[in-house]
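The values are calculated or read from the model by the stated rules, or taken from the named source; none is laboratory data. Bear in mind the structure is a predicted one, so any value in this text is a computation, not a measurement. Cβ placement follows ideal geometry from the backbone for every residue including glycine, while neighbour counts extend to all protein chains displayed. Please note that ligands, DNA and RNA were not included when accessible areas were found on the heavy atoms of the full protein model with its side chains. Shrake-Rupley method; radii C 1.70, N 1.55, O 1.52, S 1.80 Å.
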Amino acid sequence: LGNSVVDLREAVDIDPAFATAWGALGRLCLAAGDLESGLDYLEKARLAARVQREAGRALPAAEELEIHRNLAWTLRDLARWDDGLAAVAAGRELAADDQELLLIEGLLLAGAGRTTEAMSIAVRLEPLRYRQFDFTYFGFKYQESSYANNWIRAQAYLADGDLATAYELLGEIDLYAYRGRLP
């Protein structure tokens, strides 16, 4: 991790418009628990991606979208609701129907105390799909879950101070068979 950070910093010193390196720096810092540095690097990645797009050298859409997702998740973790919603809006300009951004938006609205808007997203959000790994399907079959919808609703109730309903919606997460695949 340390060597990667040093090498990536060297890369962005050489080319400050290297959005991929800024994004990787952000992800590494987030993985190490340094949210503030991760946020700073992701902001630089977002700006560098915009500069590259304006110069006609756009990043692959999935890579730029991932920068916006990571930025929005980080802002949510830091309880910067309005900034997070702005990051979601910028990401949705790239992919209006992105389900992960919609999930983050719902969680940000819930955290901000905007319960009605959060509940509206929870109702509209498609069920979370994950691969079913067992001795029958070996990951070739997808399973659907209302976990993401319930997560938004639980956060909205939590922000309103209704702990019992929030707990009722999610239950014991340790008992979820697929908890390792949940955000």
So what is the orientation-averaged projected area of region 36-183, using the convex hull of its C-alpha atoms, in nm²? 10.2 nm²
Taking the Cα centre of region 1-61 as origin, work out the dipole magnitude from +1 charges on Lys and Arg Cβ and -1 charges on Asp and Glu Cβ, in debye rounded to 20. 300 debye
Expressed as a whole-number percentage, the relative contact order of the chain with C-alpha contacts under 8 angstrom and at least six residues apart is 12 percent
Accessible surface, per residue, of region 40-111 when the full set of protein chains is kept, probe 1.4 Å, Å²: 45 Å²
Among L71, Y142, L8, whose Cα lies farthest out toward the positive end of the dipole of the chain, if unit charges sit on the beta carbon of Lys, Arg (+1) and Asp, Glu (-1)? Y142
On a 0 to 90 degree scale, rounded to 10, what angle separates helix 115-124 from the longest Cα axis of the chain? 90 degrees
Charged-residue dipole, Cβ positions (Lys, Arg, Asp, Glu), the chain about Cα centre, Debye nearest 20: 360 debye
Using r as the Cβ-Cβ distance of F140 and L170, and R0 as 25 Å, what FRET efficiency do you calculate, to the nearest 0.05? 0.35
Where labels lie 7 Å past Cα in the beta-carbon direction, separation of A95 and R124 in nm: 1.8 nm
Normalised contact order of region 1-60, rounded percent, pairs of Cα under 8 Å and 6 or more residues apart: 30 percent
V5 - accessible surface, heavy atoms, 1.4 Å probe, Å² rounded to 10: 20 Å²
Rounded to the nearest 500, what is the 222 nm mean residue ellipticity of the chain from helices alone, with -39500 (n - 2.57) per DSSP H run of 4+ residues and division by all residues? -21000 deg cm²/dmol
Near G111, within a Cβ-to-Cβ distance under 14 Å, what is the net charge of the other residues, with Lys and Arg +1 and Asp and Glu -1? -2
Region 32-100, dipole about Cα centre (Lys/Arg Cβ +1, Asp/Glu Cβ -1), debye to the nearest 20: 220 debye
Solvent-accessible area, 1.4 Å probe, carbon plus sulfur percent, for the chain: 53 percent
